[in-house]
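**Student:** Right, I'll just put the structure down here and ask away after.
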Amino acid sequence: MNEIKDQRIVMTLDAGGTNFVFSALQQGIEIINPIVLAANSTNLDKCLKALISGFEQVKNALAPKIPVAISFAFPGPADYKNGIIGDLPNFPSFRGGIALGPMLEEIFNIPTLINNDGDLFAYGEAVSGFLPRINSLLHENNIERKYKNLIGITLGTGFGGGIVVNNQICLGDNSAAGEIWLTRNYLDPKSIAEESVSIRGIHRVYARLSGDGTKKTPLEIYNIAKGKSEGNKNAALKAFEELAVVMAESLANAITLLDAPIVFGGGISGAAEFIIPKLIAHFKSTINDQGKELPRVIAEVFDLDNPVALKEFLTNDSQYVQVPFSDKKVAYTKKKRIPIGITQLGASNAISLGAYTLALDYLDKKNLYAIGFQKEF
């Protein structure tokens with residue numbers, strides 16, 4: 001699903017520690033062949049020159065069309081609002097803070113926006129993915145409910161997150177919103193959640209329980225869990241179960257605070273059949289309050305990729321209640337519902353769409369501010 005109809009062009013980048021992949025989007029669609037350059041992550045001068053060269057090549061490929069902005073995801077820690085990248089494990093030459101955004105703005109003379117991939121994933125899904133899917137389904141079933149908030153989760157090398165509130169990306173006051181990876185590990189309280197909710201977490205649990213010291217990929221462990229490959233099936237299932245339980249507690253806290261749908265992306269989300277049922281079971285569990293059992297999550301959570309759960313989610317349970325001292329009635333929706341599901345855009349595409357849309361949103365707000373300023377003075 002892609003609902004973007006804007007004609008403006010934004011230059012983008014997929015920044016990896018090995019390669020930089022440059023491109024450009026119009027109407028949310030890639031319009032040139034990607035340009036791939038070595039990242040040179042250990043040499044700052046070569047790395048920065050590769051970034052400049054890549055965007056110059058994109059600009060030349062677009063001619064005579066003119067891009068209006070640069071927008072892309074880059075690993076943190078960073079001061080994203082000011083475009084400054086901090087010390088990065090995958091970019092050892094980035095020490096002491098590199099003013100990457102201001103550099104590109106000065107060279108190309110267009111706004112440059114840099115953000116976290118988890119934030120942009122969530123925004124892309126809010127604009128053209130999971131949120132439009134949910135709201136379209138509700139509309140088709142004549143249900144007067146509309147979701148405007150979203151928690152986006154990426155599962156892979158790490159446990160990434162992003163937040164959308166009232167259809168706007170939430171970056172936080174310190175460019176540090178959505179850092180779910182740093183929540184406390186439910187099974188090992190002295191550790192962070194990412195130690196279990198990550199590729200390394202799956203490796204560790206499988207190796208410990210199976211006694212197999214071979215470093216298998218998550219896909220290999222998934223195939224063992226499915227019974228498609230030889231190996232310790234119980235250990236493989238347990239590896240995904242531990243990931244799911246730790247993830248579930250972190251998400252239970254997030255749902256309690258944000259009351260928002262959840263969408264998952266990233267390579268490990270391909271094992272959703274082993275993860276989501278455990279999440280749902282955890283959400284349906286209880287928590288003790290001075291001897292009284294309370295629901296772990298107030299809202300009921302529905303897996304939209306499960307046909308039975310989807311049908312129940314789309315059941316209209318609204319009723320009308322009488323307004324006291326009046327002949328009027330108003331709609332009352334008693335059951336609170338939180339939908340969850342797997343990205344249909346794909347994480348990479350959602351991130352690109354998030355970067356593209358964020359640039360357009362920035363330009364629109366900048367123009368509105370300029371108009372208001374002129375009218376006032």
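No lab work stands behind these numbers, since they all come straight from the coordinates. Values in this document were obtained by computation on a predicted structure and should not be read as measured data. Here the Cβ is made from the backbone with ideal geometry for all residues, glycine too, and neighbour counts use every protein chain on show.
**Student:** Using only the Cα atoms of segment 130-344, build the gyration tensor, take square roots of its eigenvalues as a ≥ b ≥ c, and label the shape rounded, prolate or oblate: rounded if a/c is under 1.5, else prolate if a/b is larger than b/c, else oblate. Show your work: numbers first, answer last.
**Tutor:** On the way: a/c = 2.03, a/b = 1.88, b/c = 1.08.
The shape class here is prolate.
**Student:** Rounded to the nearest Å, what's the spacing between the alpha carbon centres of segment 87-134 and segment 9-82? Just the number, please.
**Tutor:** Measuring centre to centre over Cα atoms gives 10 Å.
**Student:** Continuing with the same structure: Sort 53-63, 140-150, 272-282 by the packing proxy (mean of other Cβ within 10 Å over each peptide's residues), most packed first.
**Tutor:** 272-282, 53-63, 140-150
**Student:** So what is the relative contact order for the chain, in percent, with contacts set as C-alpha pairs under 8 Å and at least six apart? It would help to have the intermediate numbers written out before the result.
**Tutor:** Working: 704 pairs, mean separation 58.8, N = 377.
Rounded, it is 16 percent for the chain.
**Student:** While we're on this one: Given a 10 angstrom Cα cut-off, can you work out which residue in GLY178, GLY291, GLY152 is the most mobile in a GNM of the chain?
**Tutor:** Highest fluctuation of the listed residues: GLY291.
**Student:** Shifting gears a bit: Over the alpha-carbon set of segment 1-74, divide Rg by the Kirkwood Rh and report the Rg/Rh ratio to two decimals.
**Tutor:** 1.00
**Student:** Among PHE20, PHE264, what is the fewest-to-most ranking by other Cβ atoms within 10 Å? Intermediate values should be presented prior to the final figure.
**Tutor:** On the way: PHE20 24, PHE264 27.
By the 10 Å Cβ count, ascending: PHE20, PHE264.
**Student:** Which percent of Cα-Cα pairs in segment 1-144 sits in each 10 Å bin, short to long?
**Tutor:** Values per bin, smallest distances first: 11, 38, 31, 13, 5, 1.
**Student:** Moving on. In terms of Cα to Cα distance under 18 Å, which aspartates and glutamates are near enough to LYS226, apart from those fewer than 8 places away along the same chain?
**Tutor:** ASP212, GLU241, GLU242, GLU273
**Student:** State which entries of LYS5/LYS366; LYS238/LYS336; LYS146/LYS311; LYS146/LYS329 exceed 24 angstrom in Cα-Cα distance in the structure shown.
**Tutor:** Details: LYS5/LYS366 20 Å; LYS238/LYS336 31 Å; LYS146/LYS311 17 Å; LYS146/LYS329 21 Å.
Among LYS5/LYS366; LYS238/LYS336; LYS146/LYS311; LYS146/LYS329, the Cα-Cα distance tops 24 Å for LYS238/LYS336.
**Student:** Give the value in nm², to one decimal: projected area of the alpha carbon convex hull of segment 242-377, averaged over all directions.
**Tutor:** Values: hull surface 61.0 nm².
Value for segment 242-377: 15.2 nm².
**Student:** Let me ask another. Alpha carbons only, please: Rg and Dmax for segment 90-143, in angstrom.
**Tutor:** 18.5, 55
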